[in-house]
Amino acid sequence: MDDLFSYTLNQNPLKSFLDWFEEANKLEQNAPAMSVSTYDQDLNRPNIRYLLYKGIKENKILFYSNYLSPKAKDLNNNPEIALGFYWHLSKKQVRIHGRVTKMTKEDSESYFQSRDRDSQIASYLSMQSEPIQDKNTLLLKFKTAEELFAGKPIPLPLHWGGYLVEPYEYEFFLYGENRLNDRFLYQLKNQNWEVSRLQP
């Protein structure tokens, strides 16, 4: 596309995303916040939540989660995922569609051990999204786990690890005057990225 490069975009959408993220990370308070959408097959409805973008591995987008959570159950049934990034000061957003695979246990372990100890304990004890009686019950679970692992390393929970998103579609969106926004759609076709401009 003739005017693609005037919008700080590259023919490679991953490079474009990384350039935009690096710029946003200098300006925005919540640059790594990413919306994650999955599909609940049992309830026949989409689910959305916000997680932290944790970088790129093997040209795939990385995040971590509880493998027993609703999002994990959704992804076990349907590995299709949609990600969204919105950067207010940068006046940009990026939408990504892709397919998910789990990270290797070794790579999940490496990241888990790099986290601060309180975060490790929280991941170890929490049965994410399951009901709990009250906050005090949660605090007691935390204290019990602290005592259990006092002076010892905290093992990687079997129910926790990383996900890798392999994108097949990106949309780059720049806010313009009079709502004449600029949108560029990248679609992976026959191992090549095709780019088209979309109307606002």
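This table checks each residue for (1) in a helix (DSSP H, G or I); (2) at pLDDT below 95.
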position	(1), (2)
PHE5	yes, yes
LEU9	no, yes
SER16	yes, no
PHE21	yes, no
LYS26	yes, no
MET34	no, no
THR38	no, no
Conditions (1) surrounded by 13 or more Cβ atoms within 10 Å (Cβ to Cβ); (2) on the phi > 0 side of the Ramachandran plot; (3) among the charged types (D, E, K, R) -> GLU58 fails only (1)
> Of the residues that make up segment 55-67, is at least one part of a loop (DSSP other than H, G, I, E, B), of a type in the set (Phe, Trp, Tyr) and in contact with a strand residue (DSSP E or B) (Cβ under 8 Å, 6 or more places away or on another chain)?
Replying inline: yes
Filtering segment 78-101 for residues that are surrounded by fewer than 17 Cβ atoms within 10 Å (Cβ to Cβ), of a type in the set (D, E, K, R) and in a strand (DSSP E or B) leaves a count of 2
When you check LEU75 against the structure, is it surrounded by 13 or more Cβ atoms within 10 Å (Cβ to Cβ), hydrophobic (A, V, I, L, M, F, W, C) and either under 23 Å from LYS189 (Cβ atoms) or at pLDDT below 95 (or both), yes or no? no
Result of the Cβ filter at 7 Å on segment 57-71, keeping first residues that are under 24 Å from SER126 (Cα atoms) and of a type outside the set (D, E, K, R) and partners that are at pLDDT 95 or above and part of a helix (DSSP H, G or I), at least 6 apart or interchain, is TYR64/TYR111; SER65/LYS71; SER65/ALA72; ASN66/ALA72
Picking from LEU164, LEU156, LEU148, LEU185, the residue that is surrounded by fewer than 15 Cβ atoms within 10 Å (Cβ to Cβ) and either of a type outside the set (D, E, K, R) or within 27 Å of THR101 (Cα to Cα) (or both) would be LEU148
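So that you can scan it fast, the table gives a plain yes or no per residue for (1) under 27 Å from the mean Cα position of the chain (by Cα); (2) of a type in the set (Phe, Trp, Tyr):
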site	(1), (2)
SER114	yes, no
ARG117	yes, no
ILE132	yes, no
PHE142	yes, yes
ALA145	no, no
PRO157	yes, no
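The values are calculated or read from the model by the stated rules, or taken from the named source; none is laboratory data. Here the structure is a predicted model, which means the values were calculated and not measured. Every residue, glycine among them, receives a Cβ derived from its backbone with ideal geometry; neighbour counts consider all protein chains shown.
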